[in-house]
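Down below is the structure, laid out as structure tokens.
What follows draws every value from the coordinates through simple rules; no lab data is involved. Please read all numbers here as calculations on a predicted model, not as lab measurements. Cβ coordinates were reconstructed from backbone atoms using ideal geometry, including for glycine residues, and neighbour counts include every protein chain displayed.
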Amino acid sequence: MPKVEINSVTCKACELCVSNCPKDVLALGSTSNPSGYHFAVVVNQDACIACKMCAVICPDGAIEIYK
Amino acid sequence: MEKIYSRTKGLQAPFTGGFCPGCFHGVISKSVAEVLEEMDLLDRAVCVIGVGCCCICSRYFDFDKMNAPHGRAPAVATGLKHGAPKDTVVFTYQGDGDLASIGIAEIMYAANRGENITIVFVNNSTYGMTGGQMAPTTLIGQKATTSPYGRNVAEHGYPMHMCEVLNQLGAPVFIERVSCDSPAGVLKAKKALQKGFQNQLDGKGFSFIELMSSCPTNWGMTPLESVAFMREHTLKEFEVKNFRDR
């Protein structure tokens, strides 16, 4: 089962991962990180196909993928 | 469970970076570091960083780098390439205000001499760090703090296409414009960067890679709006293609 891990501290909530995920696995959360951004969270882990699209587009290198 | 994508060793350990949310500088600097790591060049690469938002990269990159005076990165890289040990990979990382405006003489002559260096040129159509002034690459009609009614051809001239300009010279061996607006574009950009560094290792000569970026902060948009604007307007003016590959 693939797993997406998002670094909640370095995420800046730019939404690029959310908009580029083909399976709608990610969404912006409702809690803020120390910088005040509503960091992205995994909402539908089971649908993840480990395509790495979110990690490739992440400007902050905040996403790591396990398979 | 195996890790199939991790933060590259070419970037320093995770910390909250200096780029604005959604800025493609982050994607591009990460791609450069990933390509260097894949090619096993982290120990012998030197990045000459221009002035502007690209300066923030000096906090990110975990390999040798130096800052050049405004626009003079190709000249500094030329000296570095000639003076450093032969297997050193020297590349510049510059923005459009740095390369296409203040540094136009340096880039033209470095290209015309066919220096064996690689140029990573990030084009976001504005002067980002100084507050969104009009750059040579600003689109016609695009608003900036120094052109509040939009760029006007009669007054300000046309946007400058650096790939096309350099394509008139005889010496460069590789000129390509890529866009980072989607994961597919990022992967293509990484291939172009790899080709640029490989050319240098093979001793072929001057490689120039222009990477299209957005500037959500100074364009006054959200990151997703800026990507939509980029696809609708910027990429029509600046066509993504390979100009030369010898």
Requested in this report: For B:Ala154, state whether it is in a helix (DSSP H, G or I), touching a residue at least 60 places away in the same chain (Cβ under 8 Å) and farther than 22 Å from B:Ser29 by Cα.
Outcome: no
Query raised in the report: Hey, does region B:94-103 have a residue that's in contact (Cβ under 8 Å) with a residue 12 or more places away in the chain and either β-branched (Val, Ile, Thr) or at positive phi (or both)?
Result: yes
Requested in this report: Kindly provide the set of residues from region B:104-150 that are free of Cβ contacts under 8 Å to residues at least 40 places away in the same chain and either buried (at least 24 other Cβ atoms within 10 Å of the Cβ) or under 19 Å from the mean Cα position of the chain (by Cα) (or both), ordered by number.
Outcome: B:Ile104, B:Ala105, B:Glu106, B:Tyr109, B:Gln133, B:Met134, B:Ala135, B:Thr138
Report summary line: Filtering region B:60-78 for residues that are farther than 22 Å from B:Leu11 by Cα and assigned to a loop (DSSP other than H, G, I, E, B) leaves a count of 4
Report summary line: In region B:82-134, anything more than 24 Å from B:Met39 (Cα to Cα), in a loop (DSSP other than H, G, I, E, B) and in contact with a Leu (Cβ under 8 Å, 6 or more places away or on another chain) is listed as B:Ser125
Query raised in the report: If you go through region B:42-56, how many residues are assigned to a helix (DSSP H, G or I) and surrounded by fewer than 16 Cβ atoms within 10 Å (Cβ to Cβ)?
Result: 0
Query raised in the report: Which strands (runs of 3 or more DSSP E) does chain A wholly contain that include 2 or more residues that are more than 7 Å from chain B (Cβ to nearest Cβ) and surrounded by 16 or more Cβ atoms within 10 Å (Cβ to Cβ)?
Result: A:3-6, A:26-28, A:40-42
Query raised in the report: How about region B:216-232: which of its residues are under 19 Å from the mean Cα position of the chain (by Cα) and under 22 Å from B:Tyr149 (Cβ atoms)?
Result: B:Pro216, B:Thr217, B:Asn218, B:Trp219, B:Ser226, B:Met230
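Listed here are the residues, each with its yes/no results for (1) assigned to a strand (DSSP E or B); (2) within 10 Å of chain A (Cβ to nearest Cβ); (3) within 14 Å of B:Thr118 (Cα to Cα); (4) of a type in the set (Phe, Trp, Tyr).
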site: B:Cys20; (1), (2), (3), (4): no, yes, no, no
site: B:Gly26; (1), (2), (3), (4): no, yes, no, no
site: B:Glu34; (1), (2), (3), (4): no, yes, no, no
site: B:Asp40; (1), (2), (3), (4): no, no, no, no
site: B:Ser58; (1), (2), (3), (4): no, no, no, no
site: B:Leu80; (1), (2), (3), (4): no, no, yes, no
Query raised in the report: Could you say whether any residue in region B:171-180 is within 14 Å of another protein chain (Cβ to nearest Cβ) and not β-branched (Val, Ile, Thr)?
Result: yes
